[in-house]
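All remarks here apply to the structure that follows.
FYI, it's all coordinate maths here, none of it is from the lab. As the structure is a prediction and not an experimental result, all values here were calculated from the model. We place every Cβ from the backbone using ideal geometry, glycine too, and count neighbours over all the protein chains shown.
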Amino acid sequence: MQIGPLTKAFVHDLSAIEGWLYDDNVYVTAAIMDAIGNAGVRGPNFEIGVYCGKYLAAMHHCASLYHETPLTVGLDAYLFHGKSEQDARNTWVRLFGSTDGLHIQRGNSLTTSSSEIIEWCSGARPAFISIDGDHAVQPVLSDHVLCAELLARGGVIASDDFCNWRMIGLMEGIARFFLMNNRHRIVPFAFCMHKLYSCHADFHDRYMNALIAWCDANPDLAPPSDSSNCAKRRASPPPARRFSAGRASSSKYRDRPCR
Ligand SMILES: C[S@@+](CC[C@H](N)C(=O)[O-])C[C@H]1O[C@@H](n2cnc3c(N)ncnc32)[C@H](O)[C@@H]1O
C-alpha cells in the first residue's frame, strides 16, 4: 500500500490547523486504516481529546481514503485555550468542505460510559480510537480501560505521548493499563514519533507485518540518509528511527510543533 498524492496534499493543508501532530503519524494512520480494512474490521473513529480536531481530521481523511467512509466522533472537556466544539467544526469545513461525518461531544471522559460513546457512534464499536485527553496517571489508565472496553474486535488504539519523558505520569498510566488492567489483551504493534499503536493480541502479527511491508513500499517517507558521509555516520550514533513495528515496542504542551 502506497501513500498517494491526496494524503501528501492533505498533510500540507493540515499544517494550517492548530494542534499537536507529526506528519508521520498521518502516514502511519493511513497504513493502519488500510490494514484494518484488509482485516475486514468495520467501525467509526473515536478520539478522547480533540482540541481543534487536528488528529481527528487526519483519522477521518485516512479512513475515507484507505478504509471506508467514516463517522468520526470526538469527545473533549474543552479545558485548553478557550477552544470549543466550533473549532473542530471549523477544521472540518476548512479541510472537507462541510461537517459531514463529524460528531463532536463536549464532556469529561472520566465520567463517560462506553454505552454513551457507542450511542454517539450510531450504535457501532469504533475501529480506530485515539487517546489524547488528560495526561495524568489515573485519567490515562481510566481512558485506556474505557477504550479497550469500546474497541471493535480487531480495531486499533493510538496512545498519544508514549515515550515523551516529560509525561512520566502518562507513561505510568499506560504501563498500569498494559500490565494490570488489560482484560481484553491489547498489545502494542507499532510506534511512531509520540504515538503507540495497539490492537487485540490475536491481530498483532497481521498489523505488525502490514506496517513493515508498508515501510518497505514507501521509501520516500523514510528519514533522509546521509550515504555520502559514511565515515561521519560510523563515528556518530545511528540516527533515531522515526517508526518501528514490533512486539513491545514517538513537550507536548510546550515543545511539540504547534502547526
Ligand atoms: C493535547 S490536546 C488534544 C490534541 C488533539 N488530539 C490534536 O490533534 O491536536 C488535549 C485535549 O484533551 C482535553 N481533555 C483533557 N482532559 C479531558 C477529559 N478528562 N475528558 C475529555 N477531554 C479532556 C483538553 O480539553 C484538550 O483539548
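For the range 95-112 and the range 20-46, compute the distance between their C-alpha centroids and round to whole Å. Going from one Cα centre to the other spans 18 Å.
From least to most packed, judged by other beta carbons within 10 angstrom and beginning with the fewest, ILE186, ILE131 follow the order ILE186, ILE131.
Counting neighbouring Cβ atoms within 10 Å and putting the fewest first, the residues MET167, MET1, MET59 line up as MET1, MET167, MET59.
Projection of the Cα convex hull of the chain, averaged over all directions and equal to a quarter of that hull's surface, yields 13.7 nm². Distance from the Cα centroid of the range 126-145 to that of the range 191-213 is 18 Å (rounded to whole angstrom). Here the spin labels are modelled as points 7 Å beyond Cα on the Cα-Cβ line, and at MET1 and ARG153 they lie 2.1 nm apart.
Summarising the label geometry, the points placed 7 Å from Cα in the beta-carbon direction at ALA124 and GLN86 lie 3.1 nm from one another. Counting neighbouring beta carbons within 10 Å and listing from fewest to most, the residues THR69, THR7, THR29, THR99 come out as THR69, THR99, THR7, THR29. Mind giving me the nanometre distance, one decimal, between the label points for THR111 and ALA136, set 7 Å out from Cα along Cα→Cβ? Between THR111 and ALA136, the label points sit 1.5 nm apart.
Among the trypsin sites (Lys or Arg not before Pro) within the range 146-215, those in coil by DSSP and having at most 10 neighbouring Cβ atoms inside 10 Å are ARG183. Lysine pairs in the chain whose alpha-carbon atoms fall under 22 angstrom of each other, counting only those eight or more residues apart or on distinct chains, come to 7.
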